[in-house]
1. Say we join alpha carbon atoms closer than 10 Å with springs in a Gaussian network model of the chain; which of ILE66, ILE325, ILE112 then has the biggest fluctuation?
2. For a quick check of your reading of the filter: which GluC sites (Glu not before Pro) in region 19-114 sit in a DSSP loop and have no more than 16 other Cβ atoms within 10 Å?
3. Give the carbon-plus-sulfur fraction of the accessible surface of region 85-325 in %, rounded to a whole number; probe 1.4 Å, heavy atoms of protein chains only.
4. By how many nm would the segment from SER77 to CYS249 lengthen if fully extended, with 0.36 nm per residue of separation less the alpha-carbon distance?
5. Give me a comma-separated list of calculated 3J(HN,Hα) values for region 234-241, in order, Karplus coefficients 6.51, -1.76, 1.60 applied at θ = phi - 60°, integers in Hz, x for any Gly or Pro.
6. Taking the Cα centre of region 17-169 as origin, work out the dipole magnitude from +1 charges on Lys and Arg Cβ and -1 charges on Asp and Glu Cβ, in debye rounded to 20.
7. Using modelled backbone amide H atoms (1.01 Å from N, in-plane), which distant-in-sequence or interchain residues come within less than 5 Å of PHE78's amide H?
8. Hey, can you grab everything whose amide H is under 5 Å from the amide H of VAL266? Only 5+ residues off in sequence or another chain; H modelled, so Pro and N-termini drop out.
Amino acid sequence: MKEALNLQTLKSNAKKKLNGYCRVCPVCDGRACAGEVPGVGGTGTGSSFMENVRALSAVKINLSAIHGETSPNTTISFFGQHLKTPIMAAPMVNYQINTGGGLAENEAAEAIMSGTHFAGSLAWVGDPVDEEMYSQWLEAMNRVGRGVVIIKPRLNQDSILEAFDKAQQNGAVAVGLDVDGAGLITMKLKGQPVGPKTVRQLMELSQSTKLPFIVKGIMTVQDAVKCAEAGVDCIVVSNHGGRVLDHTCGTADALSDIAKELKGRVTILVDGGIRSGTDVLKMLALGADGVLIGRPLIVAGYGGNAEGVEFLINKYTEELYASMILTGCANLQQIDGRILSRKF
Ligand SMILES: Cc1cc2nc3c(=O)[nH]c(=O)nc-3n(C[C@H](O)[C@H](O)[C@H](O)COP(=O)(O)O)c2cc1C
C-alpha cells in the first residue's frame, strides 16, 4: 500500500530532487532565492517577490464564530467550468532552466495538469517559446481535457493567434497574454520579440478568438480599466511572482483598488505569495474572484508528482473551508472586506 502524503514528506522529497534550484524554505518568501531568475526567485533584489508575501501577511482577519454557517461552499464557476475550489495552478514553464530539470518538462506538465484536475480545479499553461515544450504542455492539457493557456505578448499578433488556435484544439477553455512579459529582451534573441500592447491590439486579439480572453500582469487601476475597454473577460492582478520588475508593490496591495473599480465587470484573479487557504481567503476578501498558486506547486510536483499537486490544492482548499467557517462565510461570494480587520 502506498504511504499517505503529508507536507513534510512532500517537501523533503522535493528538496532532494530540486538540488538547490529551490531551497524549499519553511516559508516560501523570496529571500533565499533573491535574484535567481532564471531559477525560482524574484528579479534583482527580489523585493517584488518578498513584497507579495509581506503585503498578504499585513492583511488581518476578523475571527467570528457566533453564527450558523456550518458547511461553506468553496465551489466556483469559471467560464463554464465547475471547479471545486477557487485555487488554480499558475502558468509556469521551462523546468530545465528554472528548476534544474529534475522533472523533465513533460513530467512537470503531467504532474501539474493531472494533479490540478484530480483536485477538481484547472491548470494554466505558460509559453515556453520552444515549440516542442509547448506541445508537451498542450498534450498534457489535452489528456485531462481542459486548461487555460497564457502566451507571451509577442509583437507579431498573428503568431499569438496561431498559439491560441493550437490551445483551443487541445482543450483550452480560455486563452490570454502575460503582458508583464513585455520587457523580456531574451525573447528577441529567440526570434520572438515581445512588447507592450495597446488597447486596440488587445481588442483585436479578444475579438479574434472565440474563447474568453485573459490579460495577466495587471498592477494598476488604469491598466485594469484599459483591459475592460478592450473587452478583456478576465484580468490577473500579478507581478509575475516578482520575476520581471524589481521594486513593485505586493499584489495584495494593488488588488483592492482594482476590484473597487471593476468587480462584476470582468473576472478578477490574483497571484503572488499565496501560501495557504487563509491567504486565499484574504485575497477573496480584497476583491478577487479566484487565485493562482505558483512556486508551492513546483515543490508539490517535485515532491509527489500529480498526487503531490492534488494534495497541496486540497490542503489549501480545506484551509479555506475552515477559515470560511471562522469568518461566517457560507460561500465565496460572501467573502468580502467585512471579514478584514481594517478597510482597504
Ligand atoms: C519558474 C517560474 C516560471 C514561470 N513561468 C511563467 C510563464 O511562462 N508565464 C506566466 O504568465 N507566468 C509565469 N510565471 C509566473 C507565475 O505564473 C505566477 O504569476 C507567480 O509564480 C505567482 O507567484 P507565486 O509563485 O509567489 O505563487 C512563472 C513563475 C515561476 C516561478
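1. ILE66
2. The qualifying sites: there are none.
3. Of the solvent-accessible surface of region 85-325, carbon and sulfur hold 50 percent.
4. Working it through step by step, the gained length comes to 59.0 nm.
5. Along region 234-241, the couplings run 8, 10, 10, 6, 7, 10, 6, x Hz.
6. Dipole of region 17-169, to the nearest 20 debye: 620 debye.
7. LEU83
8. Those qualifying (amide H under 5 Å, at least 5 residues apart or on another chain) number zero.
The values are calculated or read from the model by the stated rules, or taken from the named source; none is laboratory data. As the structure is a computational prediction, the values presented were derived from the model and not from experiment. As a convention, Cβ positions derive from the backbone with ideal geometry for all residues, glycine included, and neighbour counts pool all protein chains shown. The protein model used for the area step is the full one, side chains on, heavy atoms only, and it has no ligands, DNA or RNA in it. Shrake-Rupley method; radii C 1.70, N 1.55, O 1.52, S 1.80 Å.
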